[in-house]
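Below is one structure, written out as structure tokens; comments come after it.
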Amino acid sequence: MAEYIESLQKLAEQFGRLEGVGRKSAMRMAFSVLDMSSETANELALAIIEAKQKIHLCPICQNITDRDLCLVCADEGRDRSVVCVVSDPKAVISMEKVREYKGMYHVLGGVISPMNGITPDKLKIKELLARLSEGEIQEVIVATNPTVEGEATAMYLSRILKPLGIKVSRLAYGISVGADIEYADAVTLNRALEGRREI
């Protein structure tokens, strides 16, 4: 029956575009919208539009923000000599939950994955190098996921950063191989941060 209602099908298809949302979940989400009041549905639609219009990349660290600078880059109390390099904004949120890390971040916007057409020039590496050229940064902590692509990205960064005289370290494996940083708990992340090693 739902397949014959074109507007419902279109709505489910849009939800199906979201990462990690399968066909059945997308249809459940579409039905949830139908169960909402018109006011709530409008608020949802407006929240999506507002997020798309207001959220942009921080010009310093490439994290997402709705201000001129992200909260971390705007915080004068952060240690600007250390930069934690992550693949995406979700990893920044996870690292901040630890509440132990007081340095800065740099978001690459992905990891090197030639099979998926992601080469180093498609990541925010040029922006990282520009930050390093200012001379304030002494250590780069590479916090990409412990996957094949994450490791390849870490090794690539190490190769280009070490000749610059920058200390390059990697999160220790308190995080299991193949896991995503965004799903790690605070204790595991803290252990990984404390046990980071130079690469």
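The values are calculated or read from the model by the stated rules, or taken from the named source; none is laboratory data. On a predicted model such as this, the values are computed, not experimentally measured, just so you know. Note that each Cβ is placed from the backbone with ideal geometry, even for glycine, and that neighbours are counted across all protein chains shown. These area figures cover heavy atoms from the full protein model, side chains too; ligands, DNA and RNA do not enter into them. Shrake-Rupley method; radii C 1.70, N 1.55, O 1.52, S 1.80 Å.
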How far apart, in nm, are the 7 Å Cα→Cβ label points at Lys162 and Asp121?
-> 2.6 nm
Which entries in Lys24/Lys122; Lys10/Lys97; Lys52/Lys102; Lys124/Lys167; Lys24/Lys97; Lys10/Lys124 show an alpha-carbon gap greater than 26 Å?
-> Lys24/Lys122; Lys10/Lys97; Lys52/Lys102; Lys24/Lys97; Lys10/Lys124
With every protein chain kept in place and a 1.4 Å probe, the residues Asp88, Asp75, Asp68 fall, from largest accessible area down, as Asp68, Asp75, Asp88
Label-point separation (nm) for Gln14 and Leu34, each offset 7 Å from Cα along Cα-to-Cβ?
-> 1.6 nm
Candidates Ser158, Ser133, Ser87: whichever shows maximal mean-square fluctuation once the chain is modelled as a Gaussian network with Cα springs under 10 Å | Ser133
Relative contact order computed over the chain (Cα-Cα under 8 Å; 6+ residues apart), in percent = 15 percent
Of the peptides 98-105, 111-118, how do they stack up when ordered by the mean number of other Cβ atoms within 10 Å, highest first?
-> 98-105, 111-118
Assuming a ≥ b ≥ c are the square roots of the Cα gyration tensor eigenvalues, decide whether segment 70-165 counts as rounded (a/c under 1.5), prolate (otherwise, with a/b larger than b/c) or oblate.
-> oblate
At 4 °C and 1.567 mPa s, the Stokes-Einstein diffusion coefficient in µm²/s for the chain, with hydrodynamic radius from the Kirkwood sum on alpha carbon pairs, is 69 µm²/s
Tally the DSSP beta bridges in the chain and give the antiparallel ones as a percent, rounded to 5.
-> 30 percent
Anchor Lys126: aspartates and glutamates whose Cα lies under 14 Å away (excluding residues fewer than 8 positions away in-chain) | Glu134
Between rounded, prolate and oblate, where does segment 84-131 land on the alpha carbon gyration tensor, with a ≥ b ≥ c its root eigenvalues, rounded for a/c under 1.5, else prolate if a/b exceeds b/c?
-> oblate
Give or take rounding to whole Å, what are the principal axis extents of the alpha carbon atoms in segment 10-111, in descending order?
-> 50, 27, 22
Treating cross-link reach as a plain straight distance, find the aspartates and glutamates whose alpha-carbon is under 14 Å from the alpha-carbon of Lys162, omitting any fewer than eight places away in the same chain.
-> Glu139, Glu198
Mean Cβ neighbour count within 10 Å, used as a protection proxy, ranking 31-37, 17-23 highest first | 31-37, 17-23
If you take the C-alpha gyration tensor of segment 1-62, multiply each eigenvalue by 5 and take the square root, what semi-axes do you get, largest first, in whole Å?
-> 27, 16, 9
Determine the per residue accessible area of the chain with all protein chains present and a 1.4 angstrom probe, expressed in square angstrom.
-> 61 Å²
Could you please state how large a percent of the accessible area of the chain is carbon and sulfur, counting protein chains only and using a 1.4 Å probe?
-> 54 percent
